[in-house]
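What follows is a set of notes on a single structure, which appears directly below.
The values are calculated or read from the model by the stated rules, or taken from the named source; none is laboratory data. Predicted model, so just to flag it, every value in this text is computed and none were measured. FYI the Cβ positions are ideal-geometry reconstructions off the backbone, even for glycines, and counts take in every protein chain you see. Just the protein is used for accessible areas: all its heavy atoms, side chains included, with ligands, DNA and RNA removed. Shrake-Rupley method; radii C 1.70, N 1.55, O 1.52, S 1.80 Å.
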Amino acid sequence: MVRRTITGEERQRVIELKRQHSFTEVAEMTGLPLGTVRTIVRRSGAFTDNLKHRELFTLPPIQQSQSTGIAATVMPLQQTITGDLELDAVLWLREVIDTGNAAYIDKALEAAANIKTPPAELETRYMRHVMQTTGNQTKALFGSMGFANLEVHAKAARRKAILISEAVARFGTDDWFETEADHFCADALKGLKSRNMWLDEAECAARFRQHTDLMPHTLDDCLYELAYWGNLYRLRYALHECDHPPESESREQFIYQMLGQIRPRNKTEAKAVLSYLIYRERKDDKDFDAIVENLLS
């Protein structure tokens, strides 16, 4: 029996079909033997983790600071803001906590223990003050929520200080920074016009797909990149309370959609994606159903 030569077009079709179908289905659709289909897929490398993709979407390692000096933290000055001694004390203690200095935070919490008025009463008084000075009911309501809960405020400040320290250790600056991944996204989507402040999803997807060397091959690749963007966002927000550049946000959304298009290699990979959806509480996202259907297929 003479073995026929498989053309390059046939190999590419097998690879593309395998992204959406089982080995058996691909064999039936192409008329090729099941063993041939398996061999083409295995040798292609298109269904193993993409190492070049992971290299780009990896945060730089933490570097030890070369500086021998310790940056001094300035203690905020006490000021009269509301004219209410207790409210002004809470406002000052919140400023002290916001320095992120561990010693100052501890002292602020010790001082807060001397305030005997219940937090709920302090928050009501502060809400009235904001309402009287701004006339903005929404600002008064939300601005007073948790106003006197200094323990929670301190926990958030400590977490922010840790993230800022990590950002500086990874990127060497506490100023705005962009990564090689950001530059890749900006270059890939260069020239696209935004519509209602958003870039068109279909156009973005088409552009990203042109860069085949940086496409995720597996669902694990997708989760790896989504974790990269999530961690990068936390560092950026800790420093400047800002989002990713729009091109990078478009890439993150594109990769999320890929969770509904790349077939899971095994149950472990499918469970990892399901855990991600549950942990991130993404059941209300428009692509959620497509992703679940892909996992179940």
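Mind checking whether some residue in segment 137-147 is on the phi < 0 side of the Ramachandran plot, open to solvent by less than 50 Å² (accessible area, probe 1.4 Å) and hydroxyl-bearing (Ser, Thr, Tyr)? Before you say what the answer is, go through the steps one by one.
Looking only at segment 137-147, we keep the residues that are on the phi < 0 side of the Ramachandran plot, and these are 137-145, 147.
Going one step further and asking which of them are open to solvent by less than 50 Å² (accessible area, probe 1.4 Å), we end up with 140, 143-144, 147.
Now drop any that are not hydroxyl-bearing (Ser, Thr, Tyr), which leaves 144.
Within segment 137-147, one or more residues are on the phi < 0 side of the Ramachandran plot, open to solvent by less than 50 Å² (accessible area, probe 1.4 Å) and hydroxyl-bearing (Ser, Thr, Tyr).
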Scope segment 221-232; condition surrounded by fewer than 20 Cβ atoms within 10 Å (Cβ to Cβ), in contact (Cβ under 8 Å) with a residue 60 or more places away in the chain and farther than 20 Å from Leu163 by Cβ; matching residues: Tyr224
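From the list Ala102, Ala112, pick out the single residue that is more than 30 Å from Gly230 (Cα to Cα), small (Gly, Ala, Ser) and surrounded by 11 or more Cβ atoms within 10 Å (Cβ to Cβ).
Ala112
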message: Suppose we keep only residues that are touching a residue at least 60 places away in the same chain (Cβ under 8 Å) and of a type in the set (A, V, I, L, M) within segment 22-65. Which one would you say is surrounded by the fewest Cβ atoms within 10 Å (Cβ to Cβ)?
response: Ile62
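Go through segment 154-192 and give me each residue that's in contact with an Asp or Glu (Cβ under 8 Å, 6 or more places away or on another chain) and either open to solvent by less than 30 Å² (accessible area, probe 1.4 Å) or farther than 20 Å from Asn231 by Cβ (or both). Break it down stepwise before answering.
Going residue by residue through segment 154-192, those that are in contact with an Asp or Glu (Cβ under 8 Å, 6 or more places away or on another chain) are 157, 164, 167-168, 182, 185-186, 188-189, 192.
Passing the criteria: Ala157, Ala167, Asp182, Cys185, Ala188, Leu189, Leu192.
Within segment 249-279, work out how many residues are under 21 Å from Cys204 (Cβ atoms) and not hydrophobic (A, V, I, L, M, F, W, C).
Initial filter on segment 249-279 (under 21 Å from Cys204 (Cβ atoms)): 249-262.
Then keep just the ones that are not hydrophobic (A, V, I, L, M, F, W, C); that gives 249-253, 256-257, 260-261.
So the answer is 9.
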